1. Any residue at all in segment 143-156 that's over 30 Å from Glu51 (Cβ atoms), among the aromatic types (Phe, Trp, Tyr) and in contact with a Leu (Cβ under 6 Å, 6 or more places away or on another chain)?
2. From Leu73, Leu81, Leu63, Leu103, grab the single residue that is more than 12 Å from the chain's Cα centre (by Cα) and modelled with pLDDT under 90.
3. Are any residues in segment 1-29 under 18 Å from Leu81 (Cβ atoms) and at pLDDT 65 or above, and if so, which ones?
4. Which of the residues that make up segment 188-221 are farther than 19 Å from Ala148 by Cα and open to solvent by 20 Å² or more (accessible area, probe 1.4 Å)?
5. Any idea which of (1) touching a residue at least 12 places away in the same chain (Cβ under 8 Å); (2) closer than 23 Å to Gly192 by Cα; (3) not small (Gly, Ala, Ser) is the one Pro132 doesn't satisfy?
Amino acid sequence: MRCFYDARVGSVIALLRRDLSLAVRAGGGFGLGLAFFLIIVVLVPFGVGPEAAVLSRIAPGILWVAALLAALLSLDRIFALDFEDGTLPLLATSPLPLEGVALIKGVAHWITTGLPLTLAAPAFGFLLNLDPSAYVWLLASLALGTPALSMIGTFGAALTVGLRRGGLLMSLLVLPLYVPTLIFGAETVRRGALGLDAITPLLMLAGITLGSFALLPFATSSALRVNLK
(Lines give C-alpha, C1' and ligand atoms only; values in the text may rest on other atoms or scores of the structure.)
Protein backbone atom coordinates (compact mmCIF):
# COMPACT_ATOMS: atom_id res chain seq x y z
CA MET A 1 0.00 0.00 0.00
CA ARG A 2 2.78 2.41 0.87
CA CYS A 3 4.58 1.67 -2.39
CA PHE A 4 1.36 2.37 -4.30
CA TYR A 5 0.93 5.67 -2.44
CA ASP A 6 4.54 6.67 -3.10
CA ALA A 7 4.07 5.86 -6.78
CA ARG A 8 0.98 8.09 -6.93
CA VAL A 9 2.82 10.96 -5.25
CA GLY A 10 5.78 10.51 -7.57
CA SER A 11 3.45 10.58 -10.60
CA VAL A 12 1.82 13.80 -9.38
CA ILE A 13 5.17 15.53 -8.87
CA ALA A 14 6.53 14.31 -12.21
CA LEU A 15 3.44 15.49 -14.10
CA LEU A 16 3.50 18.88 -12.38
CA ARG A 17 7.18 19.38 -13.17
CA ARG A 18 6.60 18.32 -16.78
CA ASP A 19 3.71 20.74 -17.25
CA LEU A 20 5.68 23.63 -15.75
CA SER A 21 8.59 22.89 -18.05
CA LEU A 22 6.35 22.63 -21.12
CA ALA A 23 4.53 25.84 -20.27
CA VAL A 24 7.78 27.79 -20.11
CA ARG A 25 9.31 26.23 -23.23
CA ALA A 26 6.13 26.59 -25.30
CA GLY A 27 5.98 30.35 -24.72
CA GLY A 28 2.97 30.25 -22.43
CA GLY A 29 4.91 30.65 -19.22
CA PHE A 30 5.67 33.40 -16.79
CA GLY A 31 6.51 36.21 -19.22
CA LEU A 32 3.57 36.11 -21.63
CA GLY A 33 0.83 36.84 -19.11
CA LEU A 34 2.87 39.52 -17.37
CA ALA A 35 3.65 41.25 -20.66
CA PHE A 36 -0.02 41.26 -21.64
CA PHE A 37 -0.99 42.54 -18.19
CA LEU A 38 1.53 45.37 -18.50
CA ILE A 39 0.36 46.32 -21.99
CA ILE A 40 -3.24 46.72 -20.82
CA VAL A 41 -2.24 48.76 -17.77
CA VAL A 42 -0.04 51.05 -19.88
CA LEU A 43 -2.65 51.55 -22.61
CA VAL A 44 -5.59 52.37 -20.33
CA PRO A 45 -4.36 55.89 -19.41
CA PHE A 46 -4.06 56.68 -23.12
CA GLY A 47 -7.69 55.72 -23.60
CA VAL A 48 -9.34 57.30 -20.56
CA GLY A 49 -6.93 60.15 -19.90
CA PRO A 50 -4.18 60.74 -17.35
CA GLU A 51 -6.40 62.16 -14.59
CA ALA A 52 -5.35 60.50 -11.33
CA ALA A 53 -8.88 60.53 -9.88
CA VAL A 54 -10.32 58.74 -12.91
CA LEU A 55 -7.57 56.12 -12.98
CA SER A 56 -7.90 55.50 -9.26
CA ARG A 57 -11.65 54.92 -9.60
CA ILE A 58 -11.42 52.44 -12.48
CA ALA A 59 -8.21 50.72 -11.34
CA PRO A 60 -9.90 47.77 -9.52
CA GLY A 61 -11.93 46.78 -12.54
CA ILE A 62 -9.10 47.32 -15.03
CA LEU A 63 -6.63 45.27 -12.98
CA TRP A 64 -9.03 42.37 -12.68
CA VAL A 65 -10.04 42.45 -16.35
CA ALA A 66 -6.37 42.51 -17.32
CA ALA A 67 -5.61 39.55 -15.05
CA LEU A 68 -8.57 37.63 -16.48
CA LEU A 69 -7.52 38.20 -20.09
CA ALA A 70 -3.88 37.41 -19.30
CA ALA A 71 -4.95 34.10 -17.75
CA LEU A 72 -6.98 33.36 -20.88
CA LEU A 73 -3.97 33.59 -23.19
CA SER A 74 -2.38 30.22 -22.43
CA LEU A 75 -5.48 28.11 -21.78
CA ASP A 76 -5.43 26.43 -25.18
CA ARG A 77 -2.02 24.94 -24.39
CA ILE A 78 -3.16 23.08 -21.28
CA PHE A 79 -4.14 19.91 -23.14
CA ALA A 80 -3.24 20.73 -26.75
CA LEU A 81 0.43 19.78 -26.51
CA ASP A 82 -0.40 16.49 -24.78
CA PHE A 83 -3.04 15.73 -27.40
CA GLU A 84 -0.69 16.45 -30.29
CA ASP A 85 2.18 14.28 -29.09
CA GLY A 86 -0.03 11.39 -27.95
CA THR A 87 0.58 11.87 -24.23
CA LEU A 88 -3.04 12.57 -23.34
CA PRO A 89 -4.35 9.06 -24.14
CA LEU A 90 -1.52 7.63 -22.06
CA LEU A 91 -2.45 9.90 -19.14
CA ALA A 92 -6.05 8.74 -19.44
CA THR A 93 -4.95 5.11 -18.95
CA SER A 94 -2.28 5.75 -16.32
CA PRO A 95 -2.70 4.74 -12.65
CA LEU A 96 -3.23 8.39 -11.80
CA PRO A 97 -6.98 9.17 -12.05
CA LEU A 98 -7.92 11.52 -14.87
CA GLU A 99 -9.52 13.80 -12.28
CA GLY A 100 -6.10 14.11 -10.65
CA VAL A 101 -4.53 14.89 -14.01
CA ALA A 102 -7.06 17.68 -14.55
CA LEU A 103 -6.38 19.09 -11.10
CA ILE A 104 -2.61 19.07 -11.67
CA LYS A 105 -3.07 20.79 -15.03
CA GLY A 106 -5.06 23.55 -13.34
CA VAL A 107 -2.45 23.98 -10.61
CA ALA A 108 0.37 24.11 -13.17
CA HIS A 109 -1.47 26.78 -15.16
CA TRP A 110 -1.97 28.85 -12.01
CA ILE A 111 1.71 28.60 -11.04
CA THR A 112 2.86 29.77 -14.48
CA THR A 113 0.16 32.42 -14.98
CA GLY A 114 -1.94 33.31 -11.95
CA LEU A 115 0.85 33.41 -9.38
CA PRO A 116 3.11 35.79 -11.36
CA LEU A 117 0.12 38.05 -12.06
CA THR A 118 -0.74 38.13 -8.36
CA LEU A 119 2.79 39.00 -7.31
CA ALA A 120 3.17 41.71 -9.97
CA ALA A 121 -0.27 43.27 -9.44
CA PRO A 122 0.83 45.87 -6.82
CA ALA A 123 3.34 47.36 -9.26
CA PHE A 124 0.69 47.55 -11.96
CA GLY A 125 -1.75 49.04 -9.45
CA PHE A 126 0.76 51.83 -8.82
CA LEU A 127 0.71 52.67 -12.54
CA LEU A 128 -3.08 53.11 -12.33
CA ASN A 129 -2.88 55.18 -9.14
CA LEU A 130 -4.67 52.54 -7.08
CA ASP A 131 -5.42 53.71 -3.55
CA PRO A 132 -2.73 52.42 -1.14
CA SER A 133 -5.37 50.95 1.18
CA ALA A 134 -6.49 48.60 -1.61
CA TYR A 135 -3.15 46.86 -2.23
CA VAL A 136 -3.71 44.21 0.42
CA TRP A 137 -7.17 43.49 -0.95
CA LEU A 138 -5.82 43.35 -4.49
CA LEU A 139 -3.28 40.72 -3.49
CA ALA A 140 -5.83 38.76 -1.46
CA SER A 141 -8.47 38.81 -4.20
CA LEU A 142 -6.05 37.72 -6.93
CA ALA A 143 -4.53 35.03 -4.70
CA LEU A 144 -7.99 33.61 -4.05
CA GLY A 145 -9.53 34.28 -7.46
CA THR A 146 -6.89 33.38 -10.02
CA PRO A 147 -6.90 29.65 -9.07
CA ALA A 148 -10.58 29.60 -10.05
CA LEU A 149 -9.69 31.18 -13.40
CA SER A 150 -7.14 28.43 -14.02
CA MET A 151 -9.48 25.61 -13.03
CA ILE A 152 -12.38 26.96 -15.07
CA GLY A 153 -10.00 27.45 -17.98
CA THR A 154 -8.81 23.85 -17.64
CA PHE A 155 -12.40 22.70 -17.99
CA GLY A 156 -12.84 24.87 -21.09
CA ALA A 157 -9.62 23.52 -22.58
CA ALA A 158 -10.87 19.96 -22.05
CA LEU A 159 -14.11 20.74 -23.88
CA THR A 160 -12.28 21.93 -26.99
CA VAL A 161 -9.21 19.68 -27.04
CA GLY A 162 -8.60 18.22 -30.47
CA LEU A 163 -10.83 20.75 -32.26
CA ARG A 164 -9.41 22.86 -35.06
CA ARG A 165 -9.31 26.51 -34.03
CA GLY A 166 -10.68 25.48 -30.68
CA GLY A 167 -9.10 28.50 -28.97
CA LEU A 168 -11.84 30.89 -30.09
CA LEU A 169 -14.61 28.48 -29.09
CA MET A 170 -12.93 27.91 -25.73
CA SER A 171 -12.84 31.66 -25.08
CA LEU A 172 -16.55 31.93 -25.83
CA LEU A 173 -17.27 29.07 -23.43
CA VAL A 174 -14.99 30.21 -20.63
CA LEU A 175 -15.57 33.96 -20.50
CA PRO A 176 -19.18 33.74 -19.22
CA LEU A 177 -17.99 31.38 -16.47
CA TYR A 178 -15.36 33.93 -15.47
CA VAL A 179 -17.92 36.68 -14.81
CA PRO A 180 -18.72 35.84 -11.13
CA THR A 181 -15.01 35.70 -10.28
CA LEU A 182 -14.46 39.02 -12.03
CA ILE A 183 -17.38 40.68 -10.24
CA PHE A 184 -16.40 39.61 -6.74
CA GLY A 185 -12.68 40.17 -7.34
CA ALA A 186 -13.12 43.73 -8.59
CA GLU A 187 -15.69 44.47 -5.87
CA THR A 188 -13.25 43.33 -3.19
CA VAL A 189 -10.60 45.76 -4.41
CA ARG A 190 -13.11 48.57 -4.91
CA ARG A 191 -14.44 48.25 -1.38
CA GLY A 192 -10.93 48.07 -0.01
CA ALA A 193 -10.04 51.29 -1.81
CA LEU A 194 -13.10 53.04 -0.37
CA GLY A 195 -12.50 51.77 3.15
CA LEU A 196 -15.65 49.64 3.14
CA ASP A 197 -16.13 46.06 4.29
CA ALA A 198 -14.45 43.85 1.67
CA ILE A 199 -14.68 40.55 3.54
CA THR A 200 -18.01 39.49 2.05
CA PRO A 201 -16.99 39.60 -1.64
CA LEU A 202 -13.64 38.05 -0.69
CA LEU A 203 -15.44 35.12 0.96
CA MET A 204 -17.63 34.73 -2.11
CA LEU A 205 -14.47 34.65 -4.22
CA ALA A 206 -13.00 31.97 -1.97
CA GLY A 207 -16.23 29.98 -2.29
CA ILE A 208 -16.05 30.10 -6.09
CA THR A 209 -12.46 28.87 -6.03
CA LEU A 210 -13.19 26.03 -3.59
CA GLY A 211 -16.23 25.00 -5.60
CA SER A 212 -14.20 25.03 -8.82
CA PHE A 213 -11.51 22.77 -7.39
CA ALA A 214 -14.09 20.45 -5.83
CA LEU A 215 -16.30 19.97 -8.90
CA LEU A 216 -14.50 20.90 -12.10
CA PRO A 217 -11.82 18.17 -12.06
CA PHE A 218 -14.63 15.63 -12.43
CA ALA A 219 -16.31 17.63 -15.20
CA THR A 220 -12.95 18.07 -16.92
CA SER A 221 -12.16 14.37 -16.81
CA SER A 222 -15.59 13.55 -18.28
CA ALA A 223 -15.02 16.01 -21.13
CA LEU A 224 -11.60 14.50 -21.83
CA ARG A 225 -13.00 10.96 -21.93
CA VAL A 226 -15.64 12.03 -24.44
CA ASN A 227 -13.10 13.78 -26.67
CA LEU A 228 -10.67 10.85 -26.54
CA LYS A 229 -13.22 8.32 -27.74
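1. yes
2. On the way: Leu73 fails: more than 12 Å from the chain's Cα centre (by Cα); Leu63 fails: modelled with pLDDT under 90; Leu103 fails: modelled with pLDDT under 90.
Checking each option against the conditions leaves just Leu81.
3. The answer is Ala14, Leu15, Leu16, Arg17, Arg18, Asp19, Leu20, Ser21, Leu22, Ala23, Val24, Arg25.
4. Arg190, Arg191, Ala193, Leu194, Gly195, Leu196, Asp197
5. Result: Pro132 fails condition (1) only.
Okay, residues lined up against (1) open to solvent by less than 10 Å² (accessible area, probe 1.4 Å); (2) within 22 Å of Val189 (Cα to Cα):
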| residue | (1), (2) |
| --- | --- |
| Leu34 | no, yes |
| Val44 | no, yes |
| Pro50 | no, yes |
| Glu84 | no, no |
| Leu91 | no, no |
| Ile104 | no, no |
| Ala108 | yes, no |
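Each row is one residue, and each column tells you yes or no for (1) in contact with a Pro (Cβ under 7 Å, 6 or more places away or on another chain); (2) crowded, with 21+ Cβ neighbours inside 10 Å.
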| position | (1), (2) |
| --- | --- |
| Pro95 | no, no |
| Gly100 | no, no |
| Gly114 | yes, yes |
| Leu119 | no, no |
| Gly125 | no, yes |
| Leu130 | no, yes |
| Ser133 | no, no |
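The values are calculated or read from the model by the stated rules, or taken from the named source; none is laboratory data. As the structure is a computational prediction, the values presented were derived from the model and not from experiment. Counting neighbours? That spans all protein chains shown, and the Cβs are built from the backbone with ideal geometry, glycine included. Keep in mind that these areas ignore ligands, DNA and RNA; they rest on the heavy atoms of the full protein, side chains included. Shrake-Rupley method; radii C 1.70, N 1.55, O 1.52, S 1.80 Å.
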